[in-house]
1. Would you please name the residue that is farthest from the other protein chains (Cβ to nearest Cβ), looking only at residues in segment A:103-151 that are among the polar types (S, T, N, Q) and assigned to a loop (DSSP other than H, G, I, E, B)?
2. Cβ contacts < 6 Å: first residue more than 12 Å from every other protein chain (Cβ to nearest Cβ), restricted to segment A:314-338; second residue surrounded by fewer than 21 Cβ atoms within 10 Å (Cβ to Cβ) and of a type in the set (D, E, K, R), any location; separation 6+ or different chain. Result?
3. Please determine whether any residue of segment A:119-128 is at pLDDT 90 or above and within 17 Å of A:I38 (Cβ to Cβ).
4. I'm trying to understand the selection: among the residues of segment A:321-343, which are under 22 Å from B:F81 (Cβ atoms) and either in contact with a helix residue (DSSP H, G or I) (Cβ under 8 Å, 6 or more places away or on another chain) or in a strand (DSSP E or B) (or both)?
5. For the condition surrounded by fewer than 16 Cβ atoms within 10 Å (Cβ to Cβ) and at pLDDT 95 or above, what is the one hit in A:A23, A:A11, A:A70, A:A95?
6. Collect the residues in segment A:246-283 that are surrounded by 18 or more Cβ atoms within 10 Å (Cβ to Cβ) and touching a Phe, Trp or Tyr at 6+ places or on another chain (Cβ under 7 Å), keeping them in residue-number order.
7. Across segment B:151-166, which residue is surrounded by the fewest Cβ atoms within 10 Å (Cβ to Cβ) among those that are within 14 Å of chain A (Cβ to nearest Cβ) and in a helix (DSSP H, G or I)?
8. Given the residues A:L228, A:L302, A:L252, A:L285, which is the only one that is more than 10 Å from every other protein chain (Cβ to nearest Cβ) and assigned to a helix (DSSP H, G or I)?
Amino acid sequence: MRRISEEERAAYLRKFLEPHGVATHQLLEDVEPVYGPILLVMATGSVPAGFGNPTSDLDLIVVVDCKKLANVPLVSYKGALRVDVEYRALPRLEADIERITSSAWPDRPSMGLTEHLRYQRALRSVTRFAWGVPLQREKKGYKVLERLSGDWLPQRAAASYLAEAQRMRLIARWLVERKPLLAAQRYCDALILEIESRSAARGMFFEGPKWVFQKLKMFQDTAGESMLWEALRLPVRASECSPYFGRMESILDSVISSAALPSGLEMQLTYLPQVQIRQVGKRVLVSLWDSRAHWLPEGVSLPPVESELPVWRGKMSDAPPSHVLDLLADGMLYVGLAQTDVGS
Amino acid sequence: MRIPDLRRWATCQSFGSFYFVLRVQGDLDDARGALQAGEYGTLAIAARKTIVSCLSTRGFTFETPERVIPSVRSSGNFDGFQGIDEQSIADALGLANLALDVSDQGSAESYFRRLEAYVDETEKMLGLEEPLPRLRTRSGNFGIVRLARTWDPLMSSLQLPTAFPSEWGDV
């Protein structure tokens, strides 16, 4: 595993700032202790990751010693250089680190949309933070940085991206008949996520699906590049999708080993927000935003929305019944992954 | 101007505007950056994303009655193609695939101009009275707050959700 050092990241930052005539220390001019004492200022985003280009913004994360902050991005300019400044409360960052430290996603026997989004947000926050260049640090802030060193974070990110790749692949499979063009997009996304996982396992855990070609080049992974070019040539009509599905299954089989996925994974389909279920006579009507709706087949029932129970659950190799796939294809269900080998 | 269905019209105008400003503009900027850096693989990825975002925006024009406000985009089964006719999708995805044939700076620049034209056409399809703010400019953040202040009272009075990103808080 090769994790790019802080010195290398700082060099990428200086190289990016040079044409703008901005020195690293000048970035601190727009940071003020308005929300409380500043513990840490990190330059982060694609620039210190080495992917910055002429239109890139520079991201600054300012960790503040306060309890809670609204997440409002602030923008400043140094000539043509745009700097996005985000102030973050220390307890929030520590909570994110704690979540990612304690387990890989999915880590609970029941994981709906909210938990998924929480974990993904925490992972993104921590990986972006860990990939930064410290511009200013106090003792308390330094301790936060120390927690992010070592190989655990790249491995944790790799496992999470791989689980997400498998989730996308299953969504693709389940959409093949009902939404073939959408299924093709999800197959392509599954490979991009697998490349994210592969890159993280090699030390490049900065999240950024748009940079996957550069990540592959970084590791001289020409086989990966060929696969990605093939995956990106997406079918443009539903009637052309079938050969693409076959090729993508074969590519994904070659890169996602079932042995690499943790045991105990389970798929759980739950209602998305704004779905309603109504009994109309003897039949059941499922609607989204009281606009689009489906009749369920006679004799079929679903758990009430307020119960928060999965509409369907099954192993990776199982497929939901037809009426559930209809709801899934119409954007009414969330496809979640859960880990049944852990206690609640 | 007569509006036959106010709730749907307001949803289309509001969500279409925010979707364009928050997604399409950013995706096109990524494509521009990849072009300037001579990274053609990254250009292909950004072009695909731009075009899929444009199709999602076009789904919010009043002429596409099938579109419903997405509960959550990240669910993986959000269908940005919904309600758009087969030929328009084929043309759009065909344009995305042309990015895979870019081989030098000349062909990259010529491709980018086509992509930009597609994005401009998408904005016009929303049928707004004035051009949308450009988020990544000095006044861009104010522009988006203005947009929220324009649409949110109407959406709220119709008991429809805001299209403004919830993580940014109230404005």
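1. A:S149
2. A:A338/A:E266
3. Checked segment A:119-128: no residue is at pLDDT 90 or above and within 17 Å of A:I38 (Cβ to Cβ).
4. Residues satisfying the conditions are A:L325, A:L328, A:A329, A:G331, A:L333, A:Y334, A:V335.
5. A:A11
6. Passing the criteria: A:M248, A:L269, A:T270, A:L272, A:Q274.
7. For segment B:151-166, the residue satisfying everything is B:S166.
8. That would be A:L252, the only listed residue that is more than 10 Å from every other protein chain (Cβ to nearest Cβ) and assigned to a helix (DSSP H, G or I).
The values are calculated or read from the model by the stated rules, or taken from the named source; none is laboratory data. Please read these numbers as outputs of a predicted model, since none were measured by experiment. Cβ: placed from backbone, ideal geometry, glycine included. Neighbour counts: every protein chain shown.
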